[in-house]
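The next block holds one structure in the form of structure tokens; read it before the comments.
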Amino acid sequence: MENFETTNPWKIKTSKEIYENKWIKLTEHQVINPSGNNGIYGVVSFKNKAIGIIPIDSEGNTWLVGQYRFALNEYSWEIPMGGGPIENDILDSAKRELKEETGLSAKIWTNIMRIHTSNSVTDEEGFVFLAEDLTAGATEFEDTEDLKIQKLPFSTVVEMVLSGKITDGISIAGILKAKTILELRK
């Protein structure tokens, strides 16, 4: 790989918090951009890390979670996921999210991915785990969640990514990475 300059060419003149709630903060920066011109840049900062989980059972099945996504104004099928407070251990957050959304717990956990979800507008950092050696239990949905759960062959879920039926970025990246990992194990 070619060696490129990695110093920050952006200069921040001023920063102003525009909006904040318990999940996000929006900051507006007056900047001097890389070409030396004045500009504006808005950054959405998340108060949680994005945590995605791909549970795989001994028969090669996984679970998807379906819900209506307010920001998209459409229904979305995704891997189980949620937010883990930035100060918390990401594995602890993954275990909690899997239990909440599917009722599953796992004995084997593998962190398979770190991802920046939309690095032109947000500093959000995400992680995807492969969860194996599963045990079923009861779900513990949050009050903002109206979830449907599907157990499907993992190969079907990969096809859902390839056909565009799954559009969530963390789900797509995690499923394709898990596919590669599982194939390498064979």
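Throughout, read-outs are computed from the coordinates displayed, never taken from laboratory work. Keep in mind it's a predicted model, so treat the numbers as computed, not measured. Note that each Cβ is placed from the backbone with ideal geometry, even for glycine, and that neighbours are counted across all protein chains shown.
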## Note on the structure
Diffing region 61-67: the Karplus 3J(HN,Hα) column from phi (6.51, -1.76, 1.60, θ = phi - 60°), in whole Hz with x for Gly and Pro, holds 9, 9, 10, 10, 10, x, 7
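If you average the sequence gap of Cα pairs under 8 Å that are 6 or more apart and divide by the length of region 49-185, what percent do you get for the contact order?
32 percent
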## Note on the structure
Rounded to the nearest 10, the angle in degrees between the Cα long axis of helix 90-102 and the longest principal axis of the Cα atoms of the chain comes to 50 degrees
### Task
Using only C-alpha positions, report the orientation-averaged shadow area of the convex hull of region 144-183, nm², one decimal.
3.4 nm²
### Task
Among L91, L130, L162, determine the one that fluctuates most according to a GNM of the chain built with springs between C-alpha atoms less than 10 Å apart.
L162
### Query
Once both axes come from the Cα atoms, what is the angle between helix 169-185 and the longest principal axis of the chain, in degrees from 0 to 90, rounded to 10?
50 degrees
### Query
Among F154, F141, which comes first, second and so on when ranked by fewest other beta-carbon atoms within 10 Å?
F141, F154
### Message
Nothing charged except the Cβ atoms of Lys and Arg (+1) and of Asp and Glu (-1): what's the magnitude of the dipole of the chain about its Cα centre? Round to the nearest 20 debye.
### Response
340 debye
### Query
What do the square roots of 5 times the Cα gyration tensor eigenvalues come to for region 77-186, in whole Å, largest first, as semi-axes of the equivalent ellipsoid?
20, 19, 16
### Leading residue at positive end of dipole, the chain (Cβ point charges), from P9, T135, I51
P9
### Base-10 log of normalised Debye intensity for region 1-131 (one unit scatterer per alpha-carbon) at q = 0.12, 0.13, 0.14 Å⁻¹
-0.63, -0.71, -0.79
### Over 29 Å (Cα to Cα) - which of K25/K107; K16/K177; K47/K99; K22/K107; K49/K151; K47/K151 fall in this group
K25/K107; K16/K177; K22/K107; K47/K151
### Query
Just A131, A173, A71 to compare: in a GNM of the chain, with alpha carbon springs under 10 Å, which one fluctuates most?
A71
### Summary
Calculated from DSSP helices alone, with each H run of at least 4 adding -39500 (n - 2.57) and the total divided by the residues of the chain, [θ]222 nm to the nearest 500 comes to -6500 deg cm²/dmol
